[in-house]
Amino acid sequence: MHPALQGLLTIAIGVSGCVGYFYLSNQFLDKVLFPARGPNAGRNINRANMIRPWLFLFPALAALGLYLAYPVVETLRLSLTDRVPGGGYEWVGLENYIQMANEPKFWEAMRNNMFWLIIVPAMSTALGLLVAQLTDRIRWGNIAKSLIFMPMAISFVGASVIWKLVYDTRPAEQDQIGMLNALYIFFGGTEPQTWLTIPFWNSFFLMVVLIWIQTGFAMVILSAALRGIPEETIEAAILDGANPFQIFFRIKVPQIKTTILVVWTTITITVLKVFDIVFAMTNGQWETQVLANYMYDKLFRANDWGVGSASAMVIMLLVTPILIWNVRNARKEME
Amino acid sequence: MSDIAGTKPALRWVVHASVTFLVVLWVVPTLGLLISSFRTADQIATSGWWKSLFPSEQNLTLRSAAPDTQVLENGVYVIEGNLFDAGTTATISQWGVSSRAVDAFVTGDTAELRRGGTITVDAQGNYRMENSEEFTGSRGARVFVTAELPPEFTLANYHKVLLAEDSSDSMGRAFFNTLTVTIPATIIPILVAAFAAYALAWMDFPGRALLIAAVVGLLVVPLQLALIPLLKFHLNIGIGKGYLGVWMAHTGFGMPLAIYLLRNYMAGLPRDLIENARVDGATEFQIFTKLILPLSFPALASFAIFQFLWTWNDLLVAKVFLIDASGQTTVMTNQIVELLGTRGGNWEILATAAFVSIAVPLIVFFAMQKYLVRGLLAGSVK
């Protein structure tokens with residue numbers, strides 16, 4: 001069957017299946033299982049109302065459980081086992097983790113990830129805050145915001161191609177077609193550089209791509225937060241003779257501290273999962289490896305599920321503090 | 001008001017200048033790729049894309065018409081014509097007839113041809129060759145010119161990338177595959193999540209708070225953890241790698257954000273509305289379909305855009321759950337990565353392929369930016 005037809009059929013089956021499930025299960029509950037008539041009408045209504053939420057929740061919970069909760073447990077199990085040739089698994093304890101810890105590539109990925117984790121959220125948040133503040137009071141601010149927000153819509157792969165052209169290198173005697181090298185030569189550089197192969201610094205050239213994408217996200221959220229600051233606090237500061245910088249750093253920033261933290265953590269999570277950019281631009285060569293790409297290498301190139309799962313667990317471990325913080329915040333709000 | 005707010009004219013200029021600088025910095029990389037996608041391979045390889053916007057001076061080797069077009073005028077053999085292809089308007093500054101002296105003559109000069117006869121070239125590329133004897137040979141004379149060419153763009157790359165028969169370059173198939181992945185993967189989670197969000201927002205049952213907390217927790221669980229267990233699961237239940245698997249995976253991975261966004265929005269709807277409907281005897285199912293769904297349209301739209309952008313731009317999930325060895329089900333992002341590997345130098349193909357894949361999200365982005373922003377805010381600022 002043609003995939004497009006299959007797609008349409010899936011939409012039809014999926015949508016009618018969902019609607020049918022919800023409609024029929026509710027009908028069954030109200031008409032057959034606990035009908036709201038007869039001697040037990042009142043009790044039946046109460047019982048039906050106790051069960052109904054679970055009818056509404058069931059498909060979503062099944063999807064969540066199967067596609068997100070179960071894999072966490074299963075990955076943990078896989079990271080403690082090894083595949084036996086011919087099928088089956090054997091328990092190996094922490095051996096996968098030890099094997100991983102002895103690999104220099106893993107520590108290279110860890111080191112790079114630390115840089116990514118510090119620099120990308122910091123730069124994106126700072127730039128986002130800067131743009132949000134600057135565009136707030138100018139007439140064409142909305143157009144400017146729109147353009148800086150635009151990379152959010154571009155795939156990591158697309159962004160990688162865009163930036164690969166910026167970083168492109170031609171031999172010294174030719175015209176440079178990459179913007180960075182053209183600028184470098186223009187400002188007095190002698191030899192064109194192959195930016196993505198310079199160890200250590202090349203990671204920063206990859207980070208630029210993610211900062212370029214994430215700044216728009218930070219800007220949108222921080223700009224809304226800045227607009228939410230009560231005017232009186234700013235007016236009071238102006239009357240007291242505060243200059244624009246003091247207003248920004250002493251009055252505005254402290255009031256949106258929580259939002260800054262939310263933006264920071266959200267970008268941190270994106271950074272931990274970053275895979276496409278490294279995969280498409282360097283594939284972890286020239287010391288640019290990161291955890292997510294290391295894991296992909298282990299799982300699908302080396303076919304080593306044990307170590308692959310162990311590195312996935314490392315990513316999970318790094319996310320956990322944010323997870324706990326988020327859950328606690330959410331619970332606080334609901335009270 | 002803005003004058004009182006501590007802004008000095010000098011500072012205003014700094015603000016305008018810095019915003020302009022940042023916007024240029026943000027737009028130029030994309031612009032470079034867009035412009036490159038309209039240039040020929042030669043143009044891309046020999047000059048930076050920023051030069052293509054202005055007339056450029058180039059050294060070209062051109063050829064006059066062949067001797068069989070010569071005519072006899074008053075006892076002189078003449079060949080006349082224009083060195084450039086029809087439609088090209090270039091301005092020649094210098095020219096020559098030998099590769100060792102390409103700039104020997106200025107326009108209007110007359111040069112001696114090595115094989116006999118003379119040639120005159122004007123600035124527009126019109127030439128006139130004269131000879132007292134018949135021109136011989138099968139090909140015309142070579143003319144080396146230094147000419148200023150106007151900016152030139154072509155749609156040939158798009159034609160090649162979208163319609164090429166050779167499937168290794170073709171984005172046409174990948175485009176439809178991506179669409180096939182994206183649409184069901186956007187619609188189905190919305191429906192499933194909307195019911196759950198309603199239950200979490202407006203129904204009372206034990207364990208509700210715990211479930212909401214669990215959804216918040218699952219929001220940040222890295223996708224990476226799910227790859228192997230789910231691939232194993234898909235292989236075990238027999239759906240293997242394919243569209244069904246990728247639709248299910250995207251539905252599962254999109255679920256926490258969908259529930260979270262929709263629940264937050266639904267919880268903000270006025271309580272009276274729902275309680276009045278309950279008092280009037282509407283069933284929960286009716287309240288949901290007739291009242292909540294239409295009112296939640298903005299939140300549904302927000303999530304739909306997120307999910308659409310995310311599934312359209314995704315590489316990892318497609319690589320793991322969809323793309324098999326046959327390569328028939330490749331998506332655009334994967335196609336681009338393969339092009340990066342095999343044709344890293346062919347910028348005209350790469351740039352065009354990338355732009356084909358970027359175009360749809362960009363259209364969605366600019367058309368529905370309002371909902372996207374609203375969704376982001378609902379998801380983060382709380």
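Which residue pairs have Cβ atoms under 9 Å apart, sit 6 or more places apart or on different chains, and have a first residue in region B:304-315 that is within 16 Å of A:Lys273 (Cβ to Cβ) and at the interface with chain A (Cβ under 9 Å from one of its Cβ atoms) and a second that is among the β-branched types (Val, Ile, Thr) and not in a helix (DSSP H, G or I)?
Close Cβ pairs (under 9 Å, with a partner that is among the β-branched types (Val, Ile, Thr) and not in a helix (DSSP H, G or I)) amount to B:Asn313/A:Ile154; B:Asp314/B:Val331; B:Leu315/B:Val331.
Within region A:227-240, is even one residue part of a helix (DSSP H, G or I), among the basic types (Lys, Arg) and free of Cβ contacts under 8 Å to residues at least 24 places away in the same chain?
no
Go through (1) buried (at least 16 other Cβ atoms within 10 Å of the Cβ); (2) more than 8 Å from every other protein chain (Cβ to nearest Cβ) one by one and return the number of the condition A:Leu183 breaks.
All conditions pass for A:Leu183, except number (1).
Taking into account only those residues within region B:125-151 that are under 24 Å from B:Thr91 (Cβ atoms) and of a type in the set (A, V, I, L, M, F, W, C), which is modelled with the lowest pLDDT?
Per the criteria, the residue is B:Leu149.
I'd like to verify a number: residues in region A:125-148 that are over 22 Å from the mean Cα position of the chain (by Cα) and either within 7 Å of another protein chain (Cβ to nearest Cβ) or buried (at least 23 other Cβ atoms within 10 Å of the Cβ) (or both), how many?
So the answer is 5.
Pick out the one residue from B:Phe195, B:Phe205 that is modelled with pLDDT under 85 and at the interface with chain A (Cβ under 7 Å from one of its Cβ atoms).
B:Phe205
Sort out which residues of region A:270-295 are surrounded by fewer than 23 Cβ atoms within 10 Å (Cβ to Cβ), aromatic (Phe, Trp, Tyr) and facing another protein chain (nearest Cβ under 9 Å), and write them in order of number.
Of everything in region A:270-295, just one residue is surrounded by fewer than 23 Cβ atoms within 10 Å (Cβ to Cβ), aromatic (Phe, Trp, Tyr) and facing another protein chain (nearest Cβ under 9 Å), namely A:Phe275.
Output the helices (runs of 4 or more DSSP H) that fall wholly within region A:256-335 and possess 1 or more residues being on the phi > 0 side of the Ramachandran plot and modelled with pLDDT under 85, or say none.
By residue number, no helices (runs of 4 or more DSSP H) qualify.
Considering every residue within region B:215-231, establish whether at least one is assigned to a loop (DSSP other than H, G, I, E, B), farther than 30 Å from B:Lys290 by Cβ, more than 7 Å from chain A (Cβ to nearest Cβ) and among the hydrophobic types (A, V, I, L, M, F, W, C).
So far as region B:215-231 goes, no, none of its residues is assigned to a loop (DSSP other than H, G, I, E, B), farther than 30 Å from B:Lys290 by Cβ, more than 7 Å from chain A (Cβ to nearest Cβ) and among the hydrophobic types (A, V, I, L, M, F, W, C).
Looking at region A:71-103, which of its residues are touching a residue at least 60 places away in the same chain (Cβ under 8 Å), away from every other protein chain (no Cβ under 14 Å) and in contact with a strand residue (DSSP E or B) (Cβ under 9 Å, 6 or more places away or on another chain)?
Passing the criteria: A:Val92, A:Glu95.
Could you list all residues from region A:20-69 that are of a type in the set (Lys, Arg), modelled with pLDDT of 75 or more and surrounded by fewer than 15 Cβ atoms within 10 Å (Cβ to Cβ)?
A:Lys31, A:Arg43, A:Arg47
Is region A:149-166 home to any residue that is within 12 Å of another protein chain (Cβ to nearest Cβ), part of a loop (DSSP other than H, G, I, E, B) and among the hydroxyl-bearing types (Ser, Thr, Tyr)?
Yes.
The values are calculated or read from the model by the stated rules, or taken from the named source; none is laboratory data. Not measured: the values here are computed from a predicted model. For neighbour counting, all protein chains shown are included, and Cβ atoms are generated from backbone atoms with ideal geometry for every residue, glycine included.
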